[in-house]
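Visitor: One structure follows; several queries about it will come next.
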Amino acid sequence: MPQHTFRVNGESVTVDVEDDVRLLWVLRDVLKITGPKYGCGINVCKACTSHVNGKAFNPCSVPVSDLGPEDEVTTIEGLPDTVDADLHPMQEAWLERDVAQCGYCQPGQIMAAVALVKKVRAEGRSITDADLDGIRNICRCGTYTRIREAIRDGAARM
Amino acid sequence: MTTARDSSPLALDEDAPPPGRPGVRRRSLIGWVLAGGTLSVAADLSLGAEPAAAAVPSPPQVPELYDLGDLQTQSALPTSQLIRIDLDAEGFAHFAIPRMEVGQGITTAAAMLIAEELEMPVEKVRVTLAKARPELVFNQLTGGSNTMQSMFTPIRVAAATAKGALLRAAATELGAQVSALSAKSGVVTGPTGTSLTYGQLATLAASAEDVAVEVSLTPRREFAVIGTARNRDDALAAVTGRKQFTMDLEVEGALPTMVCRPPTLNGSPRSVRNESAVRAMPGVTDVAVVDTGVAVRAETFGQCIDAVRALDVVWAGGPVDGEDDESVLAELRRAELPMVVPKVPILAGTLDLRVEFMFRSSAALEPNCAIADVRSDRATVWAGLKAPLVAQRDVAKAVGLPIAKVEVNVVTGGGSFGHKLFGDAAIEAAVISKAMGKPVKLMWHRADEPRQGRVHPMATSRVRATMLAGQVLTFEQRHTSVVTDFGHGLGERLTAMAAELPANLGGLGLSQSIFTLTQELPYDFGVVTQLLNEVDTRFNTGSMRNIYSPDVACANELAVDQIAKRLGKDPYAFRMSFLKNAKAKRCLEAVAKAGGWGRSLPQGVTQGIAVHTEYKGATAVLVELDTRPETVNRKVRDAVTGPRVTKAVIAVDAGLVVNPRGLEAQMMGGVADGIALALTSSSHLEDGHFLEASWDNYFYTRQWNVPPEFRCIVMPSDEELPGGAGEAGVAASVAAVACAYARATGKVPTRFPVNHGTLSFTPKSFVPPVPESPVDGLSYTS
Ligand code: FES
Ligand code: FES
């Protein structure tokens, strides 16, 4: 079986799995990293949102063979380490506002939020309503308003 | 005054005594100190429990006196003594709640109740979910927004019992009178200032035998925890990705498993043409034909998806082959019960309204899933289950084992909305595990959910009202629905409680009974009748964040707006003068004030206002709907934009509030649901199958549909008990949005959601039944 080497949450990993297995299943079923959730498998629900080289992406739609040894994947489990803290400021904002209901969508929401804040910062501006309207992550519990508030709050803390 | 005089089963006895509030008499509260190594206590409410009044007086409608919540609370009473709290030597209190947490916050609220009575920090209370416990009979069903209502007193009695035992142990140890001790923050302090922690006392307070003790509860005015805003107990786990759902559990040998499902609803497999080829695919370990489809087990779910797509199956058709929305609607129309408007003066005006509600998927974000390990002599399953006892029975039956040999573990669910009342995934996983002779971790593909999963039934609601001289003389409603499946235990409760039910429920079928136990019209509209008829059992149905209320309320409130218009009244003023329910009135007043009812708005932005009463509480919602072209025509890829609710204000009276922050969260979710039900979310039945297969097909509220302005007002309440909250936010929300839409367009919509007539996506293939996972994810990083 082919071998694939890439980095996850700061460590290099090597897995034995077919080239076309999507990264979400390599993370969840092979590496037992279960923070990224399955909600559709077709890059729609965004429950699996994680980061690759600091940018948001959806591992359900990336064959493991697309990754090389230098590619750094960050899942929700590795997010605090990116700021050398126990919790990322966005997670703190989430806690403060008690955003989660069932919690199933929340790892993806937080990873999307962090990437969004970084993106608008790189563009030299701050989060607008239009940015928030553009977030595609589903929350079937409907805690959208608290998500919007927490992103603004988290951005201020980042 | 409202009376029912027609010959319907709802006709009430005119000579009955005036209404009285049943079931809230003083009772002696008895707790048990149980034998054990450390302190263990239980609540016993079977002593002194009063049945509710057997006859429902006229004129109020049934739910005002005895509703679905009462039924559930009362049926839980005889077994409540089995609800138990343990204290360990580290000073932690442990409680396994016989309910399921699906995001509604009941574990947090239960921890608050225990902390309050036990005088200890909430952080030291550990609430877990109990396994299926057959001895609980009717006391292990999570539904009907009933958890807090039925558990409020038993949990507090158990905690008060524990505190009493700790104090007695401390008294012995410190050589002091119990009355000279004080308990605070998990520490008992004696008159000289010497103190003992609960952890130290847990062993000392242990009893060698079961002892019954009488307890009294902290009076409401002294509550220090109950009623304060509190974050969820699992919030940290949720935001760090450590919260474990069924699919995150590691069970030895339980490999990923999925099912290739039929192209039409409830079809079944005849044979597989390429079984050995699929078995030889990478990662695949097993293929098995079961009655719901062809199951595959593999090293990863990704390989399951590939195998499901590769399977070449000969299918037998399903029971609704060839049917579509229109054919089912025609069937409903034929089943609509006639109106029986009593004699009214010839000059009375009549309003007729008929509204159709399409099928809706109740799927949560976490798809149906379960782990099962079925052996020849026993079975173990893990799943998110709101009715684990029913699941245990059904699994036992499906795999041919005695109930006692089936262990059912309840796992926190990623949302439910009624979906997890049923053990569909647990039963299917067990059947597959038995067929393969191996443990399986079963997951439904997203596409399977709207296509083969539970739906809220299609329904129609007809309203006829007559008016004369500024008064409403009659209001009749005929609700007609595809049959709602109550096979998750509510039916058993009703049957078991039959003798105790209000007299005039006798002779009604199960659905009609539930309808009668939940529906009430909060207005003084003269002769009121609300009747239900259900037809067609071929669909996989269930309730969806409420049973009938969102549809019924939507139709009623649309009618109320139309009546007001005919009478030349403002919708808010009209409601205020005709509402007979004081809670509803206060809620309505609160949203009108906070939301600025009648304020001037740009052309194209319209307000809508609505109320709903249920579970002894009330909600009112005010929305502002933006129907201006620049809003309606917003372009978002693969999405429905359309009119946008720009402001939503909801007021809720849910009785005694345990956790206002949790209540607000439930209302926020309820409003999101209401917006979707009114404007965007439905399933299209065509040629025997539902077309939706993705969250970009089934248009639940997304960020671009969310009101930028949201406010929740929690009304103060003098009630001694909490009411229901999980479902309360939906009905008034869908109604308010519908009313706003009708005012904006000048036309009352006759079909909901309003965009159902436009198919806003290209349906995915039915063979294979699930879409391929994309491979271009790295081109869309952001
Ligand atoms: S599972 Fe990856 S986007 Fe839905
Ligand atoms: S919190 Fe349940 S899906 Fe978002």
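Visitor: If packing is taken as the average number of other Cβ atoms within 10 Å across a peptide's residues, how do B:391-399, B:768-776, A:115-123 rank, most packed first?
Guide: Ranked from most to least packed, the peptides come out as B:391-399, B:768-776, A:115-123.
Visitor: Project the alpha carbons of chain B onto their principal axes and report the range along each, largest first, in whole Å.
Guide: Over chain B, Cα extents along the principal axes are 80, 76, 55 Å.
Visitor: Let me make sure I get this right: for segment A:1-141, a, b and c are the square roots of the gyration tensor eigenvalues over alpha carbons, sorted descending. Under 1.5 in a/c it's rounded, otherwise prolate if a/b > b/c, else oblate. Which is it?
Guide: prolate
Visitor: Can I ask one more? Is any helix in chain B, taking whole DSSP H runs, at least 20 angstrom long along its axis by alpha carbon and on average at least 0.0 on the Kyte-Doolittle scale, and which ones?
Guide: B:147-174, B:660-679, B:728-745
Visitor: Let me ask you something else. Among B:Ile403, B:Ile650, B:Ile30, what is the fewest-to-most ranking by other Cβ atoms within 10 Å?
Guide: The most exposed by this proxy come first: B:Ile403, B:Ile30, B:Ile650.
Visitor: Placing +1 at every Lys and Arg Cβ and -1 at every Asp and Glu Cβ, with all other atoms neutral, what dipole size does the protein assembly as shown have around its Cα centre, in debye to the nearest 20?
Guide: Roughly 1740 debye for the protein assembly as shown.
Visitor: Exposure proxy check: B:Glu692, B:Glu116, B:Glu686 ranked by fewest other beta carbons within 10 Å?
Guide: Arranged by neighbour count, lowest to highest, B:Glu692, B:Glu116, B:Glu686 become B:Glu686, B:Glu116, B:Glu692.
Visitor: Helix-only estimate, please: 222 nm mean residue ellipticity of chain B, summing -39500 (n - 2.57) across DSSP H runs of length 4 or more and dividing by its residues, to the nearest 500.
Guide: Helices in chain B give a 222 nm mean residue ellipticity of -8500 deg cm²/dmol.
Visitor: Next question, about the same structure. How much net charge surrounds B:Glu624 when only the other residues with a Cβ under 13 Å from the Cβ of B:Glu624 are counted, with Lys and Arg +1 and Asp and Glu -1?
Guide: Here the charged neighbours net out to +4.
Visitor: Looking at this model, which pairs from B:Lys583/B:Lys647; B:Lys420/B:Lys764; B:Lys163/B:Lys386; A:Lys119/B:Lys593; A:Lys118/B:Lys420 are more than 32 angstrom apart at the alpha-carbon?
Guide: Distance filter (> 32 Å) returns A:Lys119/B:Lys593; A:Lys118/B:Lys420.
Visitor: According to the square roots a ≥ b ≥ c of the eigenvalues of the Cα gyration tensor, what is the shape class of segment A:80-157, taking rounded for a/c under 1.5, prolate for a/b larger than b/c otherwise, and oblate for the remainder?
Guide: Oblate, since a/c reaches 1.5 and b/c is not below a/b.
Visitor: OK, next. Sort B:Thr218, B:Thr228 by Cβ crowding within 10 Å, fewest neighbours at the top.
Guide: B:Thr228, B:Thr218
Visitor: Given segment B:629-782, what percent of its DSSP beta bridges are antiparallel, to the nearest 5?
Guide: That works out to approximately 35 percent antiparallel.
Visitor: Which angle between 0 and 90 degrees, to the nearest 10, do you get for helix A:106-122 versus the longest principal axis of chain A when only C-alpha atoms count?
Guide: 70 degrees
Visitor: Hey, another quick one. Percent relative contact order of chain A, based on C-alpha pairs within less than 8 angstrom and at least six residues apart?
Guide: After rounding, I find 25 percent.
Visitor: Among bridges DSSP assigns within segment A:3-78, what percent are antiparallel (round to 5)?
Guide: Percentage antiparallel, nearest 5: 85.
Visitor: Checking the a/c ratio against 1.5 first, then a/b against b/c, what shape does the Cα gyration tensor give for the protein assembly as shown?
Guide: Cα axes put the protein assembly as shown in the rounded bin.
Visitor: How many Cβ atoms of partner chains, on average, are near each residue of B:240-251 if near means within 10 Å of its Cβ?
Guide: Partner Cβ neighbours, averaged per residue: 6.
Only the coordinates and a few stated rules stand behind these numbers; no lab work does. Everything numeric in this text was worked out from a predicted model, so none of it was measured. Note that each Cβ is placed from the backbone with ideal geometry, even for glycine, and that neighbours are counted across all protein chains shown.
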